[in-house]
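Here is the structure we will look at, set down as structure tokens.
The values are calculated or read from the model by the stated rules, or taken from the named source; none is laboratory data. This one's a predicted model, so the numbers in the text were calculated from it and none came from an experiment. Note that each Cβ is placed from the backbone with ideal geometry, even for glycine, and that neighbours are counted across all protein chains shown. Surface accessibility is based on the protein's heavy atoms, side chains included, excluding ligands, DNA and RNA. Shrake-Rupley method; radii C 1.70, N 1.55, O 1.52, S 1.80 Å.
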Amino acid sequence: MEAIYDQIYKKAEVYWDTRHNDIHLPLAYDFAKRLLAFYPEADACVVLPAILLHDVGWKMVPEEKQLNAFGPKATDKAANRLHEVEGVRIAGEILASLNYDAGKTNEILTIIDGHDSRLEALSLNDKLVKDADKLWRFTVTGVSIDYRRFGVELAGYLAYLGDKIEEWLFTPEAEEIARAELTKTRRELEA
Ligand SMILES: [Fe+2]
Ligand SMILES: [Fe+2]
């Protein structure tokens, strides 16, 4: 089973060279694996491909449009939606090229289609993808990238993140990871 994830990884990463997704995605993939360890009843065959492929659509959003399309000051909902729609298209092509199971592919594409715009989760698999996607925001790496590109002050941004833990995350394990990462990030960046 591991080999298929490597194949999906290789086909997905071609699309990651924008929006710092080449940094976001490996971190999100690690968080997905950590969360799956808490939930043996979740389906790794859905969660892992979904997390690897969820942001491939950003490659189709012109870089000058990306900064208004995500983050605390985002105004361009259409550009954000475009990354989901294009993500579904590209992920569907990649999974078809690997003859991936049709039922699992459907579930993966449904998760990708609403990974940002749909605020509620449809299933445990969806919850784990949503949580794994957001956890990097609390890491030293994620915060260092985000507060600069969002043009906000570090201290205010750290407080904002602390307030968002319960709103953004679905599982208690992800909330715990977020708190631990945020503590580490404060220690490292505010020193
Ligand atoms: Fe996204
Ligand atoms: Fe993402």
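Counting only residues that are free of Cβ contacts under 8 Å to residues at least 12 places away in the same chain and either away from ligand 1 (no atom under 15 Å from the Cβ) or under 30 Å from residue 77 (Cα atoms) (or both), give me the helices (runs of 4 or more DSSP H) lying completely in the stretch 1-59 with at least 2 of them.
Numbers: elements: 2-13, 21-38, 44-53.
Per the criteria, 2-13, 21-38.
Among the numbered criteria (1) in contact with a Gly (Cβ under 9 Å, 6 or more places away or on another chain); (2) of a type in the set (S, T, N, Q); (3) within 14 Å of ligand 1 (Cβ to nearest atom), which one does residue 66 miss?
Unmet for residue 66, out of (1) in contact with a Gly (Cβ under 9 Å, 6 or more places away or on another chain); (2) of a type in the set (S, T, N, Q); (3) within 14 Å of ligand 1 (Cβ to nearest atom): (1).
So, in the stretch 70-84, how many residues would count as being within 14 Å of ligand 1 (Cβ to nearest atom), more than 15 Å from the chain's Cα centre (by Cα) and open to solvent by less than 80 Å² (accessible area, probe 1.4 Å)?
Going through the stretch 70-84 one residue at a time, the tally reaches 4.
Among the residues of the stretch 146-153, is any among the basic types (Lys, Arg) and without any contact (Cβ under 8 Å) to a residue 24 or more places away in the chain?
Scanning the stretch 146-153, I find at least one residue that is among the basic types (Lys, Arg) and without any contact (Cβ under 8 Å) to a residue 24 or more places away in the chain, so the answer is yes.
Inside the stretch 149-191, can you point out the residues that are part of a helix (DSSP H, G or I), of a type in the set (Asp, Glu) and more than 21 Å from the chain's Cα centre (by Cα)? So that I can check it myself, show each step before the final result.
Initially, the stretch 149-191 is screened for residues part of a helix (DSSP H, G or I), giving 149, 154-168, 172-189.
Checking the rest, the ones that are also of a type in the set (Asp, Glu) come to 163, 166-167, 173, 175-176, 181, 188.
Listed by number, the list holds a single entry, 188.
Among the residues in the stretch 107-120, are any open to solvent by 40 Å² or more (accessible area, probe 1.4 Å), of a type in the set (Ser, Thr, Tyr) and within 16 Å of ligand 1 (Cβ to nearest atom)?
The answer is yes, given that some residue of the stretch 107-120 is open to solvent by 40 Å² or more (accessible area, probe 1.4 Å), of a type in the set (Ser, Thr, Tyr) and within 16 Å of ligand 1 (Cβ to nearest atom).
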